[in-house]
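Here the structure is laid out as C-alpha coordinates; the discussion comes afterwards.
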Amino acid sequence: PHDLTGPANTFRRVNRELLSYCNGVLISSLGCPGPLPRPDLIPGTACLEVPPLCQEIPLRYERSADPPRVLISTGGGSLRSPRLRVETDYAFDQVLNILTPLADEGKISTVHVVLGTDATVADRWRHYGDWLEITWGPVALADLYRSHDLLITRAGRNTLAEAAYCGIPTVALPITADPYRSSEQQDNAAAVRHLPTMFAPRDWHDSAELRDTVLLALKAARRGIRTTGHRGNDSAAAFVCGLIPGEHLSQRGAAP
(Lines give C-alpha, C1' and ligand atoms only; values in the text may rest on other atoms or scores of the structure.)
Protein backbone atom coordinates (compact mmCIF):
# COMPACT_ATOMS: atom_id res chain seq x y z
CA PRO A 1 0.00 0.00 0.00
CA HIS A 2 1.31 3.44 -0.88
CA ASP A 3 -0.98 5.31 1.51
CA LEU A 4 0.36 4.05 4.82
CA THR A 5 3.21 6.33 5.84
CA GLY A 6 1.59 9.78 5.84
CA PRO A 7 -0.04 11.70 8.71
CA ALA A 8 -2.51 9.70 10.79
CA ASN A 9 -6.07 9.54 9.52
CA THR A 10 -8.95 7.06 9.61
CA PHE A 11 -7.99 5.43 6.32
CA ARG A 12 -4.42 4.73 7.48
CA ARG A 13 -5.52 3.49 10.91
CA VAL A 14 -7.90 0.99 9.31
CA ASN A 15 -5.21 -0.01 6.82
CA ARG A 16 -2.78 -0.76 9.65
CA GLU A 17 -5.36 -2.89 11.47
CA LEU A 18 -5.98 -4.94 8.35
CA LEU A 19 -2.28 -5.34 7.61
CA SER A 20 -1.48 -6.51 11.15
CA TYR A 21 -2.61 -9.97 10.01
CA CYS A 22 0.20 -10.13 7.43
CA ASN A 23 3.61 -11.69 7.94
CA GLY A 24 5.27 -8.80 6.15
CA VAL A 25 4.37 -5.51 4.48
CA LEU A 26 6.19 -3.80 1.62
CA ILE A 27 5.73 -0.05 1.17
CA SER A 28 6.67 1.17 -2.30
CA SER A 29 7.54 4.81 -1.72
CA LEU A 30 8.31 7.57 -4.22
CA GLY A 31 10.48 9.38 -1.69
CA CYS A 32 12.54 6.39 -0.55
CA PRO A 33 16.16 6.31 -1.86
CA GLY A 34 16.89 2.79 -0.60
CA PRO A 35 15.44 -0.09 1.45
CA LEU A 36 14.46 1.09 4.93
CA PRO A 37 13.05 -1.15 7.71
CA ARG A 38 9.94 0.41 9.29
CA PRO A 39 9.22 -1.48 12.55
CA ASP A 40 7.19 1.51 13.78
CA LEU A 41 4.38 1.14 11.25
CA ILE A 42 2.66 -2.09 12.31
CA PRO A 43 3.81 -3.53 15.65
CA GLY A 44 4.63 -7.21 15.34
CA THR A 45 4.80 -7.19 11.55
CA ALA A 46 7.98 -6.85 9.52
CA CYS A 47 7.67 -3.75 7.30
CA LEU A 48 10.11 -2.61 4.65
CA GLU A 49 9.91 0.65 2.73
CA VAL A 50 11.57 0.46 -0.68
CA PRO A 51 12.01 2.74 -3.70
CA PRO A 52 9.10 2.58 -6.14
CA LEU A 53 8.20 -0.78 -7.63
CA CYS A 54 7.67 -0.57 -11.37
CA GLN A 55 7.60 -2.74 -14.43
CA GLU A 56 10.53 -3.36 -16.74
CA ILE A 57 11.06 -0.21 -18.81
CA PRO A 58 13.47 0.11 -21.75
CA LEU A 59 16.09 2.63 -20.62
CA ARG A 60 17.41 3.29 -24.13
CA TYR A 61 16.68 6.89 -25.15
CA GLU A 62 16.10 7.56 -28.85
CA ARG A 63 17.09 11.20 -29.01
CA SER A 64 15.99 13.15 -32.09
CA ALA A 65 17.52 16.15 -33.82
CA ASP A 66 14.02 17.67 -34.01
CA PRO A 67 12.52 19.92 -31.32
CA PRO A 68 11.22 18.08 -28.23
CA ARG A 69 8.53 15.43 -28.64
CA VAL A 70 5.91 15.66 -25.90
CA LEU A 71 4.04 12.72 -24.40
CA ILE A 72 0.87 13.45 -22.40
CA SER A 73 -0.87 10.90 -20.20
CA THR A 74 -4.15 11.72 -18.50
CA GLY A 75 -3.83 8.75 -16.16
CA GLY A 76 -5.98 5.70 -15.63
CA GLY A 77 -9.51 5.76 -14.33
CA SER A 78 -10.89 8.38 -12.01
CA LEU A 79 -12.20 6.22 -9.17
CA ARG A 80 -15.69 6.75 -10.56
CA SER A 81 -15.38 10.35 -9.44
CA PRO A 82 -16.93 12.82 -11.90
CA ARG A 83 -15.15 15.69 -10.16
CA LEU A 84 -11.78 14.01 -10.59
CA ARG A 85 -12.50 13.37 -14.27
CA VAL A 86 -13.61 16.95 -14.88
CA GLU A 87 -10.53 18.41 -13.19
CA THR A 88 -8.21 16.06 -15.09
CA ASP A 89 -9.76 16.94 -18.43
CA TYR A 90 -9.57 20.65 -17.59
CA ALA A 91 -5.89 20.38 -16.64
CA PHE A 92 -4.91 18.84 -19.95
CA ASP A 93 -7.03 21.26 -21.92
CA GLN A 94 -4.94 24.00 -20.30
CA VAL A 95 -1.74 22.13 -21.18
CA LEU A 96 -2.76 21.90 -24.85
CA ASN A 97 -3.56 25.61 -24.85
CA ILE A 98 0.03 26.25 -23.75
CA LEU A 99 1.58 23.79 -26.21
CA THR A 100 -0.32 25.05 -29.28
CA PRO A 101 1.69 28.26 -29.84
CA LEU A 102 4.91 26.37 -29.08
CA ALA A 103 4.05 23.90 -31.85
CA ASP A 104 3.15 26.74 -34.22
CA GLU A 105 6.52 28.38 -33.49
CA GLY A 106 8.41 25.11 -34.03
CA LYS A 107 9.59 24.91 -30.40
CA ILE A 108 8.10 21.44 -30.05
CA SER A 109 7.70 18.95 -32.87
CA THR A 110 4.90 16.55 -31.83
CA VAL A 111 2.44 16.01 -29.00
CA HIS A 112 1.13 12.50 -28.35
CA VAL A 113 -1.83 12.38 -25.95
CA VAL A 114 -2.72 9.03 -24.35
CA LEU A 115 -6.19 9.34 -22.86
CA GLY A 116 -7.23 7.52 -19.70
CA THR A 117 -10.02 4.98 -19.58
CA ASP A 118 -12.81 7.48 -18.96
CA ALA A 119 -11.15 10.60 -20.35
CA THR A 120 -12.77 13.07 -22.67
CA VAL A 121 -11.23 15.60 -25.02
CA ALA A 122 -12.75 18.77 -26.43
CA ASP A 123 -13.89 18.51 -30.05
CA ARG A 124 -11.53 21.30 -31.11
CA TRP A 125 -8.52 19.06 -30.41
CA ARG A 126 -9.72 16.00 -32.33
CA HIS A 127 -8.47 17.18 -35.74
CA TYR A 128 -6.27 20.08 -34.75
CA GLY A 129 -3.13 19.51 -36.77
CA ASP A 130 -0.38 17.13 -37.79
CA TRP A 131 1.61 17.87 -34.62
CA LEU A 132 -1.13 16.49 -32.34
CA GLU A 133 -1.86 12.75 -32.06
CA ILE A 134 -4.52 11.38 -29.71
CA THR A 135 -4.62 7.74 -28.62
CA TRP A 136 -7.72 6.46 -26.91
CA GLY A 137 -6.30 4.51 -24.00
CA PRO A 138 -5.47 2.96 -21.86
CA VAL A 139 -2.18 1.84 -23.34
CA ALA A 140 1.09 1.01 -21.58
CA LEU A 141 3.53 3.93 -21.55
CA ALA A 142 6.67 1.86 -20.95
CA ASP A 143 7.63 1.66 -24.63
CA LEU A 144 6.81 5.34 -25.29
CA TYR A 145 9.24 7.01 -22.87
CA ARG A 146 12.28 6.25 -25.02
CA SER A 147 10.85 7.97 -28.12
CA HIS A 148 9.66 11.15 -26.37
CA ASP A 149 11.60 13.96 -24.73
CA LEU A 150 9.08 15.31 -22.21
CA LEU A 151 6.22 13.73 -20.26
CA ILE A 152 3.25 15.68 -18.89
CA THR A 153 1.04 13.65 -16.58
CA ARG A 154 -1.18 13.56 -13.56
CA ALA A 155 0.82 13.08 -10.37
CA GLY A 156 -0.27 9.46 -10.05
CA ARG A 157 2.08 7.19 -8.18
CA ASN A 158 2.70 4.55 -10.87
CA THR A 159 3.45 6.97 -13.72
CA LEU A 160 5.77 9.10 -11.57
CA ALA A 161 7.60 5.94 -10.46
CA GLU A 162 8.15 4.91 -14.07
CA ALA A 163 9.20 8.42 -15.13
CA ALA A 164 11.68 8.76 -12.27
CA TYR A 165 13.16 5.35 -13.07
CA CYS A 166 13.70 5.97 -16.78
CA GLY A 167 14.75 9.61 -16.27
CA ILE A 168 12.41 11.34 -18.74
CA PRO A 169 11.85 15.04 -17.89
CA THR A 170 8.35 15.23 -16.43
CA VAL A 171 5.74 17.83 -15.58
CA ALA A 172 3.55 16.45 -12.79
CA LEU A 173 0.08 17.95 -12.29
CA PRO A 174 -1.51 17.03 -8.93
CA ILE A 175 -5.24 16.46 -9.39
CA THR A 176 -6.97 17.08 -6.06
CA ALA A 177 -10.70 17.05 -6.78
CA ASP A 178 -11.40 13.65 -5.22
CA PRO A 179 -13.03 14.40 -1.82
CA TYR A 180 -11.54 11.35 -0.05
CA ARG A 181 -7.93 11.37 -1.25
CA SER A 182 -7.46 14.98 -2.25
CA SER A 183 -3.89 15.30 -0.96
CA GLU A 184 -2.50 12.06 -2.41
CA GLN A 185 -1.25 13.45 -5.71
CA GLN A 186 0.10 16.56 -3.99
CA ASP A 187 2.13 14.24 -1.75
CA ASN A 188 3.34 12.31 -4.81
CA ALA A 189 4.52 15.48 -6.54
CA ALA A 190 6.23 16.70 -3.37
CA ALA A 191 8.07 13.37 -3.03
CA VAL A 192 9.74 13.66 -6.46
CA ARG A 193 10.12 17.44 -6.76
CA HIS A 194 13.77 17.26 -5.66
CA LEU A 195 14.74 15.15 -8.68
CA PRO A 196 16.40 17.11 -11.53
CA THR A 197 14.00 15.63 -14.09
CA MET A 198 10.78 16.39 -12.19
CA PHE A 199 8.83 19.65 -12.45
CA ALA A 200 5.62 20.30 -10.53
CA PRO A 201 3.85 23.67 -10.40
CA ARG A 202 2.63 24.68 -6.97
CA ASP A 203 -0.72 25.51 -8.54
CA TRP A 204 -1.32 24.42 -12.13
CA HIS A 205 -4.65 26.31 -12.11
CA ASP A 206 -2.51 29.45 -12.47
CA SER A 207 -1.97 29.49 -16.24
CA ALA A 208 1.17 31.63 -15.99
CA GLU A 209 2.76 29.27 -13.45
CA LEU A 210 1.78 26.25 -15.52
CA ARG A 211 3.31 27.79 -18.65
CA ASP A 212 6.54 28.67 -16.80
CA THR A 213 6.80 25.09 -15.51
CA VAL A 214 6.29 23.61 -18.98
CA LEU A 215 8.93 25.94 -20.46
CA LEU A 216 11.40 25.02 -17.70
CA ALA A 217 10.82 21.31 -18.33
CA LEU A 218 11.24 21.81 -22.08
CA LYS A 219 14.60 23.45 -21.42
CA ALA A 220 15.68 20.30 -19.58
CA ALA A 221 14.27 18.11 -22.36
CA ARG A 222 16.33 19.94 -24.98
CA ARG A 223 19.54 19.05 -23.15
CA GLY A 224 18.77 15.41 -23.89
CA ILE A 225 20.41 14.10 -20.72
CA ARG A 226 18.63 11.42 -18.73
CA THR A 227 19.59 10.36 -15.24
CA THR A 228 17.99 7.02 -14.48
CA GLY A 229 16.63 6.48 -11.01
CA HIS A 230 16.15 3.57 -8.65
CA ARG A 231 13.42 1.02 -8.18
CA GLY A 232 12.82 -1.30 -5.27
CA ASN A 233 12.10 -4.54 -7.14
CA ASP A 234 15.24 -6.42 -6.06
CA SER A 235 15.00 -5.34 -2.42
CA ALA A 236 11.33 -6.29 -2.38
CA ALA A 237 12.06 -9.73 -3.83
CA ALA A 238 14.72 -10.38 -1.19
CA PHE A 239 12.28 -9.34 1.55
CA VAL A 240 9.63 -11.71 0.25
CA CYS A 241 12.14 -14.57 0.09
CA GLY A 242 12.78 -14.04 3.79
CA LEU A 243 9.08 -14.63 4.52
CA ILE A 244 8.65 -17.99 2.78
CA PRO A 245 7.27 -20.87 4.89
CA GLY A 246 9.81 -22.23 7.35
CA GLU A 247 11.53 -18.89 7.75
CA HIS A 248 8.84 -16.25 8.18
CA LEU A 249 8.11 -16.95 11.88
CA SER A 250 11.61 -15.89 12.86
CA GLN A 251 11.29 -12.77 10.71
CA ARG A 252 8.01 -11.58 12.19
CA GLY A 253 8.57 -8.38 14.09
CA ALA A 254 12.26 -8.26 13.20
CA ALA A 255 13.97 -5.87 10.85
CA PRO A 256 14.53 -7.61 7.47
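Tabulated data for the structure shown
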| quantity | calculated |
| --- | --- |
| Tally of residues being more than 11 Å from the chain's Cα centre (by Cα) and open to solvent by 10 Å² or more (accessible area, probe 1.4 Å) across the range 166-185 | 9 |
| Options D3, D40; residue that is modelled with pLDDT under 90, charged (D, E, K, R) and in contact with a helix residue (DSSP H, G or I) (Cβ under 7 Å, 6 or more places away or on another chain) | D3 |
| Residues satisfying the stated conditions in the range 49-86, i.e. open to solvent by 10 Å² or more (accessible area, probe 1.4 Å), more than 29 Å from L215 (Cα to Cα) and outside any loop (DSSP other than H, G, I, E, B) | E49, P82 |
| Flag if D130 is among the acidic types (D, E), at pLDDT below 95, open to solvent by 30 Å² or more (accessible area, probe 1.4 Å) and under 26 Å from G229 (Cα atoms) | no |
| Residue check, V111 among the aliphatic types (A, V, I, L, M) and open to solvent by 40 Å² or more (accessible area, probe 1.4 Å) | no |
| Test result for N188, over 18 Å from I225 (Cβ atoms), assigned to a helix (DSSP H, G or I) and open to solvent by 30 Å² or more (accessible area, probe 1.4 Å) | no |
| Filter result for R16 (open to solvent by 30 Å² or more (accessible area, probe 1.4 Å), assigned to a loop (DSSP other than H, G, I, E, B) and over 21 Å from A189 (Cα atoms)) | no |
| Check on T120, open to solvent by 30 Å² or more (accessible area, probe 1.4 Å) and touching a helix residue (DSSP H, G or I) at 6+ places or on another chain (Cβ under 6 Å) | yes |
| Criterion (part of a loop (DSSP other than H, G, I, E, B), of a type outside the set (S, T, N, Q) and either in contact (Cβ under 8 Å) with a residue 12 or more places away in the chain or open to solvent by 10 Å² or more (accessible area, probe 1.4 Å) (or both)) met by exactly one of L102, L141, L151, L96 | L141 |
| Selection from the range 216-248 of residues that are closer than 18 Å to A172 by Cα and either small (G, A, S) or in a loop (DSSP other than H, G, I, E, B) (or both) | A217, A220, A221, R226, T227, T228, G229 |
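The values are calculated or read from the model by the stated rules, or taken from the named source; none is laboratory data. The structure presented is a predicted model; accordingly, all values stated were derived computationally and were not measured. Neighbour counts run over all protein chains shown; Cβ positions are idealised from the backbone, glycine included. Remember, those area values only see protein heavy atoms, side chains included, never the ligands or the DNA or RNA. Shrake-Rupley method; radii C 1.70, N 1.55, O 1.52, S 1.80 Å.
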